[in-house]
Amino acid sequence: MRILVVEDDVNLNRQLSDTLKEAGYVVDQAFDGEEGHFLGDTEPYDAIILDIGLPELDGVSVLEKWRGAGRGMPVLILTARDRWSDKVAGIDAGADDYVTKPFHVEEVLARIRALIRRAAGHSSSEIVCGPVRLDTKTSKAVVNGVALKLTSHEYRLLAYLMHHMGEVVSRTELVEHMYDQDFDRDSNTIEVFVGRLRKKMGVDLIETVRGLGYRIQAPTNAN
């Protein structure tokens, strides 16, 4: 999962970004409203953390521009002000949730997990596909009760496919959501990760849809 953090406080931006990376997310950073708007308008993020009080362009204006352009990614707004009017302005502009500063980063993580789950149609922190269980809270996966030892890239691949269970996901889309904007992206590496993941899982759940991409779905029981 790929996250954008738009926060002008350098230390807070770094703290949020480091925490998100430790939790297994790919993170891009922006430090003013114009840069944040550009990235959110041109890159495919699974969620965005957006500060309201930004230089160059305020957070509410950034959000209004995204929504006006049809950008529907989940957005969590941050505000140092606890006035209800600021929260209402953010929600009315299209925010999905908010956190008031100061906050615990664990709360931000929990809210981001919830936003991503809801955007993909999942209500629980645990996503199940046949014998595979993905715990988004702990970033762990098990198959038939046995924990999988996955690299960060393998986990991101599995997590993205399971969040979009039943959908065909292209290699390009996987690359866009597994690497940050500065990474030298190569869609051919996806095939390698899929092969490793299939071998570690030991179950035939990831389907190659020729010419289109990959799909993970639970097996259907034959009558």
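The values are calculated or read from the model by the stated rules, or taken from the named source; none is laboratory data. Worth saying up front: this structure is predicted, and the values here are computed from it rather than measured. Because the Cβ atoms are built from the backbone with ideal geometry, glycine has one as well, and the counts that use them run over all protein chains shown. SASA here: full protein model, heavy atoms, side chains in, ligands and nucleic acids out. Shrake-Rupley method; radii C 1.70, N 1.55, O 1.52, S 1.80 Å.
Is the stretch 55-65 home to any residue that is part of a strand (DSSP E or B) and either open to solvent by less than 10 Å² (accessible area, probe 1.4 Å) or touching a Cys at 6+ places or on another chain (Cβ under 7 Å) (or both)? Spell out how you get there, then give the answer.
Step one: filter the stretch 55-65 for residues part of a strand (DSSP E or B), giving none.
No, the stretch 55-65 contains no residue that is part of a strand (DSSP E or B) and either open to solvent by less than 10 Å² (accessible area, probe 1.4 Å) or touching a Cys at 6+ places or on another chain (Cβ under 7 Å) (or both).
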**Q.** Residue ID - surrounded by the most Cβ atoms within 10 Å (Cβ to Cβ), chosen from residues in the stretch 68-94 that are more than 18 Å from the chain's Cα centre (by Cα) and basic (Lys, Arg)
**A.** 87
Q | Looking only at the stretch 94-113, and only at residues there that are assigned to a strand (DSSP E or B) and of a type outside the set (Ser, Thr, Tyr), the one that is nearest to residue 219 (Cα to Cα) | A | 97
Q) Restricting to the stretch 152-180, what's the tally of residues that are β-branched (Val, Ile, Thr), open to solvent by less than 10 Å² (accessible area, probe 1.4 Å) and out of contact with any helix residue (DSSP H, G or I) (no Cβ under 7 Å at 6 or more places or on another chain)? A) 0
Q: Would you check if residue 110 is under 30 Å from residue 76 (Cα atoms), open to solvent by less than 10 Å² (accessible area, probe 1.4 Å), out of contact with any Gly (no Cβ under 9 Å at 6 or more places or on another chain) and not basic (Lys, Arg)?
A: no
Q) Across the stretch 95-107, what is the number of residues that are open to solvent by less than 40 Å² (accessible area, probe 1.4 Å) and either in contact with a Lys or Arg (Cβ under 9 Å, 6 or more places away or on another chain) or at pLDDT 95 or above (or both)? A) 4
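Pick out the one residue from 116, 77, 91 that is touching a Gly at 6+ places or on another chain (Cβ under 7 Å) and either in a helix (DSSP H, G or I) or closer than 22 Å to residue 25 by Cα (or both).
Numbers: 116 fails: touching a Gly at 6+ places or on another chain (Cβ under 7 Å); 91 fails: touching a Gly at 6+ places or on another chain (Cβ under 7 Å).
Every option except 77 fails the conditions.
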Q | the stretch 13-53, residues that are touching a residue at least 60 places away in the same chain (Cβ under 8 Å) and assigned to a helix (DSSP H, G or I) | A | 15, 16, 19, 20, 39
Q.
Criterion first (open to solvent by less than 40 Å² (accessible area, probe 1.4 Å) and out of contact with any Leu (no Cβ under 8 Å at 6 or more places or on another chain)) does residue 119 satisfy it?
A. no
**Q.** Candidates 192, 132 - the one that is aliphatic (A, V, I, L, M), over 27 Å from residue 41 (Cβ atoms) and free of Cβ contacts under 8 Å to residues at least 12 places away in the same chain
**A.** 192
Q.
If I go through the stretch 28-44 residue by residue, how many of them are open to solvent by less than 40 Å² (accessible area, probe 1.4 Å), at pLDDT 95 or above and within 20 Å of the chain's Cα centre (by Cα)?
A. 5
